[in-house]
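*Asks:* Below is one structure. I have some questions about it.
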Amino acid sequence: LWPMLAVIAAIILLDSPGPVFFRQTRITQYGKPFRIFKFRTMREHAETSGPALTQVEDRRITRVGRYLRKWRLDELPQLLNIIKGDMSFVGYRPERQYFIDKIMAENPDYAKLYAMRPGVFSNATLYNGYTDTMEKMLKRLDMDLEYLEHHNLWTDIVIIFKTGVSILTGKKF
């Protein structure tokens, strides 16, 4: 993947000023913070007024960022997080503490997710898309809790396969 990663990095640099990679503190297994790596898809200083969910037609997203998000290519650097042991291939999507606090105010069951490592791929990402509202965050939580209770190797294989189909074809589930 290194040649493709290098091409994406060069395109990001040509498209907008700022770093190629985006690093952000998220929460992993046992409630431990870690730094997630992604390709930068937003303009620099996109959250100067505090944490915010991405909205439809979000003006903070760069031209290249829209494409990277559509095809989920912005997630590729998370392979480093897998190698480091902060994440697995399949699991719940790691969140920032700010939003975890908001979710837990509505549903304290979020803490159950800390029993496993978060993942790059998930059913919630496939079927719920980007979480741009609290309602979608709570729906994602329900899907993640369902995964926690019923996951197995076959479930993980299906999620990885469907994610691959989504990336290669742009198909939304």
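*Asks:* Hey, what did the range 102-163 get for relative contact order, percent, Cα under 8 Å, at least 6 apart?
*Replies:* On the way: 35 pairs, mean separation 25.1, N = 62.
Result for the range 102-163 is 41 percent.
*Asks:* Show me, bin by bin at 5 Å from 0, the whole-percent P(r) of the range 127-173 based on Cα pairs.
*Replies:* So the P(r) values, bin by bin, are 5, 19, 20, 25, 21, 9, 0.
*Asks:* Debye sum, Cα scatterers, the range 93-153, no solvent: what log₁₀ I/I(0) at q = 0.12, 0.16, 0.27 1/Å?
*Replies:* -0.25, -0.45, -1.39
*Asks:* While we're here: Under 12 Å from the Cβ of L80, count the other residues' Cβ atoms, weight Lys and Arg +1, Asp and Glu -1, and hand me the total. Please list the in-between numbers first.
*Replies:* On the way: positive: R23, R35, K38, K84; negative: E75, D86.
Result for the neighbourhood of L80: +2.
*Asks:* With a 1.4 Å probe and all protein chains in place, put I61, I160 in order of accessible area, largest first.
*Replies:* Working: I61 15, I160 70 Å².
In descending accessible area the options line up as I160, I61.
*Asks:* Right, next: What FRET efficiency would be calculated for the residue pair K70, Q97, taking the C-beta separation as r and a Förster radius of 25 Å, to the nearest 0.05? Please report the intermediate quantities before stating the final value.
*Replies:* Details: r = 28 Å, r/R0 = 1.11.
Calculated transfer efficiency: 0.35.
*Asks:* Can you tell me the relative contact order of the range 17-173? Whole percent, Cα pairs under 8 Å, sequence separation 6 or more.
*Replies:* Details: 213 pairs, mean separation 37.4, N = 157.
In percent, rounded to a whole number, it is 24.
*Asks:* Angle check, please: helix 153-169 long axis (alpha carbons) against the longest principal axis of the chain (alpha carbons), in degrees 0 to 90, nearest 10.
*Replies:* Long axis of 153-169 versus the principal axis of the chain: about 30 degrees.
*Asks:* To the nearest Å, what is the center-to-center distance of the range 133-155 and the range 60-74, using C-alpha atoms only?
*Replies:* So the separation of the two Cα centres works out to 24 Å.
*Asks:* How big is the Cα convex hull of the range 63-173 in projection, averaged over all directions, in nm²? Write down the numbers at each step before the final one.
*Replies:* On the way: hull surface 28.7 nm².
Seen from a random direction, the Cα hull of the range 63-173 projects 7.2 nm² on average.
*Asks:* On the full set of protein chains, 1.4 Å probe, figure out the accessible area of M116 and give it in Å² to the nearest 10.
*Replies:* Only protein atoms counted, so the area is about 20 Å².
*Asks:* How would W71, W154 line up by accessible area, probe 1.4 Å, largest first? Working shown, then result.
*Replies:* Details: W71 55, W154 175 Å².
Ranked list, largest accessible area first: W154, W71.
*Asks:* With N set to the number of residues, divide the alpha-carbon radius of gyration of the range 1-80 by 2.2 N^0.38 Å and report two decimals.
*Replies:* Values: Rg = 13.1 Å, N = 80, 2.2 N^0.38 = 11.6 Å.
Ratio of Rg to 2.2 N^0.38 Å for the range 1-80: 1.12.
*Asks:* Summing +1 for each Lys or Arg and -1 for each Asp or Glu, what net charge is found among the other residues whose Cβ lies under 12 Å from the Cβ of L145? Kindly include the intermediate steps, with their values, before the conclusion.
*Replies:* Numbers: positive: K112, K139, R140; negative: D109, D142, D144, E146, E149.
Result for the local shell: -2.
*Asks:* Let me ask something else. Provide the net charge surrounding I27, with neighbours chosen by a C-beta distance below 12 Å and charges set as Lys +1, Arg +1, Asp -1, Glu -1. All intermediate terms of the calculation are to be shown ahead of the outcome.
*Replies:* Working: positive: R26, K32, R35, R93, R96, R117; negative: D86, E95, D101.
Local charge sum for I27: +3.
The values are calculated or read from the model by the stated rules, or taken from the named source; none is laboratory data. These numbers come from a predicted model, not from an experiment. Cβ coordinates were reconstructed from backbone atoms using ideal geometry, including for glycine residues, and neighbour counts include every protein chain displayed. Just so you know, the surface numbers come from the protein's heavy atoms only, side chains and all, with ligands and any DNA or RNA stripped out. Shrake-Rupley method; radii C 1.70, N 1.55, O 1.52, S 1.80 Å.
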